[in-house]
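K.L.:
The structure's right below; bear with me while I get my questions together.
The values are calculated or read from the model by the stated rules, or taken from the named source; none is laboratory data. The structure displayed is predicted, hence computed values, not measured ones. Cβ atoms come from the backbone with ideal geometry, glycine included; neighbour counts cover every protein chain shown.
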2 protein chains.
Amino acid sequence: MRKLAIIGIGLIKWGELWEKSMRQIAAEAVFKCLEDAGTDRIDTMTIGNMSGGLFNGQEHLSSLIPDHMGRKNIPAMRIESACASGGMAVRTACLEVASGFSDYAIAVGVEKMTDISGNEATYALATAADQDYEAFHGVTFPGLYAMMAKAHMDRYGTTREQLSSVVIKNHYNGSLNPNAQFPFKITGDQVLKSPMVSDPLRLLDCSPITDGAAAVMITTLEEAKKLKKQPVFISGIGHASDSIALSSRKDILKLEAVELSTNTALKMAGKSIKDIDFAEVHDCFSIAEIMILEALGVVAPGEGGKASSDGLTGLDGDFPVNPSGGLKSKGHPVGATGVAQICEAVTQLRGDAGERQLENIRTGLTQNMGGSAGSSVVHILEVI
Amino acid sequence: MRKLAIIGIGLIKWGELWEKSMRQIAAEAVFKCLEDAGTDRIDTMTIGNMSGGLFNGQEHLSSLIPDHMGRKNIPAMRIESACASGGMAVRTACLEVASGFSDYAIAVGVEKMTDISGNEATYALATAADQDYEAFHGVTFPGLYAMMAKAHMDRYGTTREQLSSVVIKNHYNGSLNPNAQFPFKITGDQVLKSPMVSDPLRLLDCSPITDGAAAVMITTLEEAKKLKKQPVFISGIGHASDSIALSSRKDILKLEAVELSTNTALKMAGKSIKDIDFAEVHDCFSIAEIMILEALGVVAPGEGGKASSDGLTGLDGDFPVNPSGGLKSKGHPVGATGVAQICEAVTQLRGDAGERQLENIRTGLTQNMGGSAGSSVVHILEVI
């Protein structure tokens, strides 16, 4: 298998981008990525997008996006795995290069979520759950994650303050990220006073609805070394699935897809979680980041809340998590999220993260998941 | 790059399967494929599906389908490229094995289209066109292909009878295929008397709305040779895109994505179109098969109509096309179509096609496209 490297990243400012269309923001991220990579060569393109059909009445982005870029004949495919679509698109671009089918593969993630009503967006997002056994009966994602949060508090004594510590930390990090949708700090008091969405999750426990796009360019490590810019080596990749309905799981506090995808990626990289210096993870809700810390093996089951409130995951902690601000502050355009996580990891590894730059890092991990962790994809990135 | 082979196929009877759900038919096709392959090993799964979101309120099939199979932890991804989703899913399974990420990759295509109204289905299908510049203004796919048919008749003198010859031939072939949705013969008179959908295309020029699924198992050629069943070698793969809106094309009679994907696949296989013995192609409308014959290079531009009515593409013609009955008779569950084309090519190459068996064949080509050929994917299969 050919070794893989990232040679370019492209991110735009995320938010409610009502003046721009889905195709425009995707093309902008691609052009920024090409500029960063110092090449305009694209052999193939993968597109991470959860639901252009429901959000925009637009499937077939494999034709739409190269066309709008003025590169209509680029071979392209869209990859979907709910909110893990972006990470899966990067993984597929890796397959293109690893196999030798392509030498330069670009992955772009995009979601344009704010052009429909909140109810319509909630419906669209709920299609990541089991339609027949969950969504149809009225369960939404805040509801599913609230059940996990309640169970976590009940079994492990996780507290309201521990949930809030995730929010406070991610908004602090996001306040240092100019591309974030909500680049400002939040206090614990603000979290407590925000409206209840699904007990115990309040508005500020939830990641927002966002328009956004992000892109990364993959080539072989050999090819990357010929270029001027420091390449970032992709040493591990893993993905896995779990039952789609929460009710089908023996233990709703065990994120099997996250565990399995992490183990696969670590094995490929020849590493253990102790070798990882920092992570970008899928904090779609405050409780999610706590449970992911446990699933990654950073802390034992039940200790994620305390680790968060003790500062383990802060910018100056022993295992910084979501230096970008995470989904919570940076925003969560679902198909773009997994790609943007990799953009942040590359930015950190290059030493280009400005005020939120981590010190003494060589190895980062990104973890992106769909639904209530019905799917998960992990990448391990290294400077060499 | 590792060489690839198909060791199993799985097809179910297509139609209006109201008594079954999307997850059920997908799992049935997978189980048939595993039985045919003589293994239950699945390292990874790719899923071709155009619009679970709009047809079924269900995205995230990467979690849903392995889960329903009782194999919830299988790593899976959904691939979408409108009606080319199935072929792209097979191509992605090939990437998994070619790269060495997996040894046994299964591709399953599925679409459950008949559980919503005809208007809703027409809307869902139209999301394969340009929403902003085509679909929003009321254009549907019969309309887009009717424009191509009108232009073809105008420029090349293609006749109503030539269009009908495609329909008659494909329904004849489909009458010999027990899995076809409409396994019966059609006369030219029946085509002429069928309701006008979009002039000049009548109801019987159009492929139907279908519930269906299909699966194929890919492994390395080396691994395949260890098994009892005759493997089918995948010698060429190509995919390409074109502008999504018909209005953006210099020439609406030139299917660039089909030409480019065919050329890429032929080059990889080290072959020319003259080396191909038969093809399964994307006859979503009668005019499409005629134009694809030209884009493949089987006949010169403008000669597709005459070649069809002269019998070139019949079961006993020099270049048999759609021995399965094609989308027209076999049905067109959009995400499954590209996978089923490969099932038919394998069935023919194994000599298992019963009454519709072609003689003296060693090499087949499958061509699957999305929208008005905004994307296309081609596979070349050989017995060895």
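K.L.:
Please verify whether region A:130-148 includes one or more residues that are under 22 Å from B:Gly86 (Cα atoms), buried (at least 24 other Cβ atoms within 10 Å of the Cβ) and in contact (Cβ under 8 Å) with a residue 60 or more places away in the chain.
P.N.:
Looking through region A:130-148, none of the residues is under 22 Å from B:Gly86 (Cα atoms), buried (at least 24 other Cβ atoms within 10 Å of the Cβ) and in contact (Cβ under 8 Å) with a residue 60 or more places away in the chain.
K.L.:
Check whether at least one residue in region B:262-269 is in a loop (DSSP other than H, G, I, E, B), at negative phi, surrounded by fewer than 19 Cβ atoms within 10 Å (Cβ to Cβ) and at pLDDT 95 or above, and report yes or no.
P.N.:
no
K.L.:
Which of the numbered conditions does A:Ser194 fail, given that it passes all the others? Conditions: (1) under 23 Å from the mean Cα position of the chain (by Cα); (2) within 23 Å of A:Thr337 (Cβ to Cβ).
P.N.:
Looking at each condition in turn, A:Ser194 falls short on (1).
K.L.:
Now a separate question. Can you tell me which of (1) under 23 Å from the mean Cα position of the chain (by Cα); (2) within 26 Å of B:Ser308 (Cα to Cα); (3) not basic (Lys, Arg) is the one B:Ser243 doesn't meet?
P.N.:
Single failed check for B:Ser243: (2).
K.L.:
In this structure, does A:Tyr123 turn out to be surrounded by fewer than 24 Cβ atoms within 10 Å (Cβ to Cβ), under 28 Å from A:His60 (Cβ atoms) and not assigned by TED's automatic domain parsing to the domain that holds A:Ala84?
P.N.:
When the stated conditions are applied, A:Tyr123 passes them.
K.L.:
Of the conditions (1) farther than 27 Å from B:Ala295 by Cβ; (2) surrounded by fewer than 24 Cβ atoms within 10 Å (Cβ to Cβ); (3) not assigned by TED's automatic domain parsing to the domain that holds B:Cys284, B:Lys112 clears all except one; give me its number.
P.N.:
Every condition holds for B:Lys112 apart from (2).
K.L.:
Go through A:Ile47, A:Ile116 for me and flag whichever is more than 29 Å from B:Asn263 (Cβ to Cβ) and either within 14 Å of chain B (Cβ to nearest Cβ) or without any contact (Cβ under 8 Å) to a residue 12 or more places away in the chain (or both).
P.N.:
A:Ile116
K.L.:
May I ask you to list the residues in region A:77-97 that are of a type outside the set (Val, Ile, Thr) and without any contact (Cβ under 8 Å) to a residue 60 or more places away in the chain?
P.N.:
Residues satisfying the conditions are A:Met77, A:Arg78, A:Leu95.
K.L.:
Hey, another quick one. Quick check: is even one residue across region B:159-175 out of contact with any Ser or Thr (no Cβ under 9 Å at 6 or more places or on another chain), touching a residue at least 12 places away in the same chain (Cβ under 8 Å) and not aliphatic (A, V, I, L, M)?
P.N.:
Within region B:159-175 (the criterion being out of contact with any Ser or Thr (no Cβ under 9 Å at 6 or more places or on another chain), touching a residue at least 12 places away in the same chain (Cβ under 8 Å) and not aliphatic (A, V, I, L, M)), the answer is yes, since at least one residue qualifies.
K.L.:
Moving on. So A:Ile244 passes all but one of these: (1) outside any helix (DSSP H, G or I); (2) more than 14 Å from chain B (Cβ to nearest Cβ). Which condition number does it fail?
P.N.:
Failed condition: (2).
K.L.:
Which of the residues spanning region B:79-100 are over 22 Å from B:Thr122 (Cα atoms) and in contact with a Lys or Arg (Cβ under 9 Å, 6 or more places away or on another chain)?
P.N.:
Across region B:79-100, the qualifying residues are B:Met88, B:Ala89, B:Val97, B:Ala98, B:Ser99, B:Gly100.
K.L.:
Looking at (1) out of contact with any strand residue (DSSP E or B) (no Cβ under 7 Å at 6 or more places or on another chain); (2) more than 9 Å from chain A (Cβ to nearest Cβ); (3) more than 22 Å from B:Gly338 (Cβ to Cβ); (4) modelled with pLDDT of 95 or more, which one does B:Met69 not meet, given that it meets all the others?
P.N.:
Unmet for B:Met69, out of (1) out of contact with any strand residue (DSSP E or B) (no Cβ under 7 Å at 6 or more places or on another chain); (2) more than 9 Å from chain A (Cβ to nearest Cβ); (3) more than 22 Å from B:Gly338 (Cβ to Cβ); (4) modelled with pLDDT of 95 or more: (3).
K.L.:
Tell me which residues, restricted to region A:114-139, are more than 22 Å from the chain's Cα centre (by Cα) and in a helix (DSSP H, G or I).
P.N.:
A:Asn119, A:Glu120, A:Ala135, A:Phe136, A:His137
K.L.:
Limited to region A:74-90, what total is found for residues that are at the interface with another protein chain (Cβ under 7 Å from one of its Cβ atoms) and in contact with a helix residue (DSSP H, G or I) (Cβ under 6 Å, 6 or more places away or on another chain)?
P.N.:
6
K.L.:
Okay, moving on. Among the residues of region B:67-92, write down those that are among the small types (Gly, Ala, Ser), out of contact with any Leu (no Cβ under 9 Å at 6 or more places or on another chain) and not in a loop (DSSP other than H, G, I, E, B).
P.N.:
Matches in region B:67-92: B:Ser85, B:Gly86, B:Gly87, B:Ala89.
K.L.:
Across region A:35-44, which residue is surrounded by the fewest Cβ atoms within 10 Å (Cβ to Cβ) among those that are more than 9 Å from chain B (Cβ to nearest Cβ) and not basic (Lys, Arg)?
P.N.:
A:Asp40
Here is a yes/no grid of residues against (1) more than 23 Å from A:Val378 (Cβ to Cβ); (2) within 22 Å of the chain's Cα centre (by Cα):
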residue	(1), (2)
B:Lys20	yes, no
B:Glu28	yes, yes
B:Ile42	no, no
B:Lys72	no, no
B:Gly100	no, no
B:Gly109	yes, yes
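K.L.:
From B:Glu355, B:Glu344, grab the single residue that is buried (at least 24 other Cβ atoms within 10 Å of the Cβ) and of a type in the set (Asp, Glu).
P.N.:
Result: B:Glu344 is the single residue among B:Glu355, B:Glu344 that is buried (at least 24 other Cβ atoms within 10 Å of the Cβ) and of a type in the set (Asp, Glu).
K.L.:
Given the conditions (1) part of a loop (DSSP other than H, G, I, E, B); (2) surrounded by fewer than 24 Cβ atoms within 10 Å (Cβ to Cβ); (3) modelled with pLDDT of 95 or more; (4) at negative phi, which single one is not true for B:Glu59?
P.N.:
(2)
K.L.:
Can you find a residue in region B:363-377 that is in a helix (DSSP H, G or I) and in contact (Cβ under 8 Å) with a residue 60 or more places away in the chain?
P.N.:
No - not one qualifying residue is present in region B:363-377.
K.L.:
Filter region B:294-327 down to the residues that are buried (at least 24 other Cβ atoms within 10 Å of the Cβ) and in contact with a strand residue (DSSP E or B) (Cβ under 8 Å, 6 or more places away or on another chain), then identify the one that is farthest from B:Ile168 (Cα to Cα).
P.N.:
Looking at residues that are buried (at least 24 other Cβ atoms within 10 Å of the Cβ) and in contact with a strand residue (DSSP E or B) (Cβ under 8 Å, 6 or more places away or on another chain), I get B:Leu296.
K.L.:
With respect to the numbered conditions (1) under 29 Å from A:Lys3 (Cα atoms); (2) in contact with an Asp or Glu (Cβ under 8 Å, 6 or more places away or on another chain); (3) among the charged types (D, E, K, R), which one is the sole condition not fulfilled by A:Lys228?
P.N.:
(2)
K.L.:
Do you know which of the residues in region B:96-113 that are in contact with an Asp or Glu (Cβ under 7 Å, 6 or more places away or on another chain) and assigned to a loop (DSSP other than H, G, I, E, B) is nearest to the other protein chains (Cβ to nearest Cβ)?
P.N.:
So the residue we want is B:Ser102.
To keep it simple, each residue is scored yes or no on (1) at pLDDT 95 or above; (2) of a type in the set (Gly, Ala, Ser); (3) surrounded by fewer than 24 Cβ atoms within 10 Å (Cβ to Cβ); (4) within 30 Å of B:Leu163 (Cα to Cα).
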residue	(1), (2), (3), (4)
B:Phe184	yes, no, yes, yes
B:Val191	yes, no, yes, yes
B:Ser198	yes, yes, yes, yes
B:Pro208	yes, no, yes, yes
B:Asp211	yes, no, no, yes
B:Ala214	yes, yes, no, yes
B:Met217	yes, no, no, no
B:Ser241	yes, yes, no, yes
B:Ala279	yes, yes, no, yes
